[in-house]
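Trainee: Take this structure, written in structure tokens, and hold onto it; I'll ask about it next.
The values are calculated or read from the model by the stated rules, or taken from the named source; none is laboratory data. Computed from a predicted structure; not experimentally measured. All Cβ positions, glycine included, derive from the backbone under ideal geometry; neighbour counts span all protein chains shown.
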Amino acid sequence: MYAEFSENLVTGNEMIDTQHEELIGRMNKLLESCELGNEKAVAVRTLDYLADYTDFHFSAEEQLQKEIDYPGIEKHLAQHAIFKETIKDLDQMLAEEEGPSNAFVEKVKENVIQWFYTHIEGFDRSVAEYKFMRENNERL
């Protein structure tokens, strides 16, 4: 199962949506590297590639939340911390294995892709909506 950026993932915030598309592309590259039976080094580099962009994206999202005084920032930060921990767990899994196993791929699908969909549809969409309402002086 590859990730797909579909209408239900659109938040309405151009920066967030563009970065989400990039993240989905990187998730798919990780899955592709596993499916092609590439060696461990390729999977490690691809996971690092995903982790680096995740850090960039989370920093941008967190900065936006600070700028708009988003009231749910603490819960959002906690969700980001969970995801970062998942990436560390995946990295450790790769370190202990000869290469990306079926269990590793399943963990990517469940704990990266599924988490990401749920996170965007709930947490990220609420940030974009809050920003929109704030900019348009709508009742918060």
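Trainee: If only one of Q114, Q79, Q92 is surrounded by 12 or more Cβ atoms within 10 Å (Cβ to Cβ), within 18 Å of D55 (Cβ to Cβ) and among the polar types (S, T, N, Q), which one is it?
Mentor: Q79
Trainee: Could you grab the pairs with beta carbons closer than 8 Å, sequence gap of 6+ or different chains, first residue in the stretch 23-34 and within 17 Å of V10 (Cβ to Cβ), second one acidic (D, E) and modelled with pLDDT of 90 or more?
Mentor: Hits for this filter: I24/E4.
Trainee: Let me ask you something else. Restricting attention to the stretch 44-74, which residues are of a type in the set (K, R) and surrounded by 11 or more Cβ atoms within 10 Å (Cβ to Cβ)? Outline the logic, then answer.
Mentor: Quick first cut of the stretch 44-74, residues of a type in the set (K, R) only: 45, 66.
Result: R45, single match.
Trainee: If S101 satisfies all but one of (1) surrounded by fewer than 17 Cβ atoms within 10 Å (Cβ to Cβ); (2) under 25 Å from L9 (Cβ atoms), what's the number of the condition it fails?
Mentor: (2)
Trainee: Restricting attention to the stretch 111-128, does a residue exist that is of a type in the set (D, E) and closer than 28 Å to G72 by Cα? Walk me through how you get there before you give the answer.
Mentor: Taking the stretch 111-128 and keeping what is of a type in the set (D, E), we get 121, 124.
Checking which are closer than 28 Å to G72 by Cα leaves us with 121, 124.
Taking every residue of the stretch 111-128 in turn, at least one turns out to be of a type in the set (D, E) and closer than 28 Å to G72 by Cα.
Trainee: Sticking with this structure for a sec: Which of the helices (runs of 4 or more DSSP H) contained wholly in the stretch 53-140 include at least 3 residues that are of a type in the set (K, R) and modelled with pLDDT of 90 or more? Let's see the steps before the verdict.
Mentor: Values: elements: 73-96, 102-108, 115-119, 125-135.
The helices (runs of 4 or more DSSP H) meeting that bar are 73-96.
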